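S.K.: Next up is a structure, given as structure tokens.
The values are calculated or read from the model by the stated rules, or taken from the named source; none is laboratory data. Please read these numbers as outputs of a predicted model, since none were measured by experiment. Note that we place each Cβ from the backbone using ideal geometry, even for glycine, and neighbour counts take in every protein chain shown. For the accessible areas, the whole protein counts, side chains as well, though only heavy atoms, and no ligand, DNA or RNA atoms are used. Shrake-Rupley method; radii C 1.70, N 1.55, O 1.52, S 1.80 Å.
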Amino acid sequence: MENKMNMKNMSKMMMIQEKLKTLPEGMKSNTNRYWCATCKKFFRLNKPKCPYMTNMCINTPIAVENLSAESPEAIEKFGLYYPKIPQKFLAKIIKNPENLGKIFAKTYIEFLDNWNINYTNQPIQTIKSFVIIISGCETAQRINEQDIAFIIMDPEKVWQDKNVLKDIINEGVNYLKEFLNLDKKIIIDFINIFGEMKIGKYYCQKCGMLFEFGKEREKVTCPLMPQKCMFDPINISNAKFTFEELNKMYKITPEIFKMIIEKVEHRNGREILSKILLDDWNLKIENDELFEHLGIK
């Protein structure tokens, strides 16, 4: 029965690949910046071709010069589902958060402008996306006539000192509030949902991506294409993956984390990152590329 299912899937893949050969190609970006209207991912690429499902994906990445992304909501995926490596690195190197919130917020706006992402008409979404990118945590919101409360979930899973995170986020969102002309008081709060439960770490054997989110399970539905992807990422304890697969993710991922990390003075960054990778993902650094992709000295 299993062999028949595998043969059926292989037949579908071949049909998809043959159909793709007949479809028009995408537009080349002069800046190598692309986004996908279906999976809502952003990429740095040399040509408009899906870098993860190259021979199967029906969509072509869209050049940001050709069509802008509707809102910053799409970049939340980098904070929600990608490995929390950049956020954990920030948590270890930041000793004094003074002025960093404003600096990070300005850097975030610069990034959105560089990638032609619409944000001025959705101030609440723009601020929420900033909170998720910096914290690496699920974030809820509660809104009334006067206030907006952003509730960051389980910050201790990523940030060893949630008060440092709160200082950064508070300063950053208040800068964004003024920048976006939002006339409401903003409240930052935390809630513990998972308690002692571990956050899940997963690997997709088809596209080679790594994920970190939610309660730990044996396998999960693809968080980027839950209704269309035919493959389920599995728990990393049952998977074999490589440093190069992780490195590829950050090579292709837009430079938001690099831009932010470069704003923080730090020493021994390579040792800190190496320890995070070994402790969390059982990976050893094999070359210097990842340091460059993340702006680490």
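S.K.: Taking the Cα centre as origin and putting +1 on Lys and Arg beta-carbons and -1 on Asp and Glu beta-carbons, what dipole magnitude results for segment 44-105, to the nearest 20 debye?
M.R.: 400 debye
S.K.: Enter the angle in degrees (range 0 to 90, nearest 10) between the Cα long axis of helix 269-281 and the first principal axis of the Cα atoms of the chain, meaning the one along which they spread out most.
M.R.: It works out to around 60 degrees.
S.K.: Another one. Can you list which of the trypsin sites (Lys or Arg not before Pro) found in segment 136-238 are DSSP loop residues with at most 16 other C-beta atoms within 10 Å?
M.R.: Lys184, Lys198, Lys206, Arg217, Lys228
S.K.: Between Lys275 and Lys228, 0.36 nm times their residue separation minus their Cα-Cα distance comes to what?
M.R.: Roughly 13.4 nm would be gained on extension.
S.K.: I'd like the accessible area for Met15: 1.4 Å probe, protein heavy atoms, all chains in place, Å² to the nearest 10.
M.R.: Ignoring ligands and nucleic acids, Met15 comes out at about 130 Å².
S.K.: DSSP loop (so not H, G, I, E, B), at most 10 other Cβ within 10 Å: list which GluC sites (Glu not before Pro) in segment 145-214 pass both filters.
M.R.: Within segment 145-214, the qualifying GluC sites (Glu not before Pro) (loop, at most 10 other Cβ atoms within 10 Å) are Glu145, Glu196.
S.K.: Still on this model: Tell me, what is the per residue accessible area of the chain in Å², probe radius 1.4 Å?
M.R.: 53 Å²
S.K.: Go from 0 up to the bin containing the longest alpha carbon distance in the chain, width 5 Å each, and give me the % of pairs per bin.
M.R.: Each 5 Å bin holds this share of Cα pairs: 1, 5, 11, 15, 17, 17, 14, 10, 5, 3, 1, 0, 0.
S.K.: Please work out how much accessible surface Glu292 shows to a 1.4 Å probe, ignoring ligands, DNA and RNA, in Å² rounded to 10.
M.R.: Surface open to solvent at Glu292 totals about 110 Å².
S.K.: For segment 166-225, how big is the tail of P(r) above 16 Å, as a whole percent of Cα pairs?
M.R.: Cα-Cα pairs in segment 166-225 separated by more than 16 Å: 63 percent.
S.K.: Next question, about the same structure. Enumerate by residue number the trypsin sites (Lys or Arg not before Pro) in segment 89-122 meeting two conditions: DSSP loop (anything except H, G, I, E, B), and at most 12 other Cβ atoms within 10 Å of the site's Cβ.
M.R.: Counting only loop positions with at most 12 other Cβ atoms within 10 Å, the trypsin sites (Lys or Arg not before Pro) in segment 89-122 are Lys95.
S.K.: From the protein chains alone at 1.4 Å, what is the descending order of accessible area for Cys57, Cys39, largest first?
M.R.: Cys57, Cys39
S.K.: Residue farthest toward the positive end of the dipole of segment 18-146, with Cβ of Lys/Arg at +1 and Asp/Glu at -1: which of Pro51, Gln125, Pro72?
M.R.: Pro51
S.K.: Over all directions, the average projected area of the alpha-carbon convex hull for segment 195-282 comes to how many nm²?
M.R.: Its average projected convex-hull area is 7.2 nm².
S.K.: Putting +1 on Lys and Arg Cβ atoms and -1 on Asp and Glu Cβ atoms, find which of Phe213, Tyr175, Gln146 reaches farthest to the positive end of the dipole of segment 141-238.
M.R.: Of Phe213, Tyr175, Gln146, it is Phe213.
S.K.: Another one. Divide the volume of the convex hull of the Cα atoms of segment 12-170 by its number of residues and quote the answer in cubic angstrom per residue.
M.R.: Given the Cα convex hull of segment 12-170, per-residue volume reads 145 Å³.
S.K.: Can you find, among Ile134, Leu224, Asn192, the residue farthest towards the positive end of the dipole of the chain? Put +1 on the C-beta of Lys and Arg, -1 on that of Asp and Glu.
M.R.: Looking along the dipole axis, the top candidate is Leu224.
S.K.: Ok, one more. Helix 243-252: angle to the longest alpha-carbon principal axis of the chain, degrees 0 to 90, nearest 10?
M.R.: Between helix and principal axis, roughly 70 degrees.
S.K.: On a 1.4 Å probe surface of the protein chains, which of Asp147, Asp279 comes out largest in accessible area, and what is the full order?
M.R.: The ordering from most to least exposed comes out as Asp279, Asp147.
S.K.: At 222 nm, what value in deg cm²/dmol follows for the chain if DSSP H runs of at least 4 each add -39500 (n - 2.57) and the sum is divided by all its residues, to the nearest 500?
M.R.: The per-residue figure over the chain is -11500 deg cm²/dmol.
S.K.: So, one more: How far is helix 162-179 tilted off the main Cα axis of the chain, in degrees rounded to 10, range 0 to 90?
M.R.: The helix 162-179 is inclined about 90 degrees to the chain.
S.K.: Does segment 204-245 come out rounded, prolate or oblate, given a ≥ b ≥ c as the square roots of the eigenvalues of its C-alpha gyration tensor, rounded meaning a/c under 1.5 and, failing that, prolate meaning a/b above b/c?
M.R.: oblate
S.K.: For Cα pairs less than 8 Å apart in space and 6+ apart in sequence, what is the mean separation divided by the residue count of the chain, i.e. the relative contact order in percent?
M.R.: Once divided by the residue count of the chain, the mean separation gives 17 percent.
S.K.: For a quick check: with amide H placed at 1.01 Å from N, whose amide H comes under 5 Å from Ile186's, ignoring anything fewer than 5 positions away on the same chain?
M.R.: Here Ile148 satisfy the definition.
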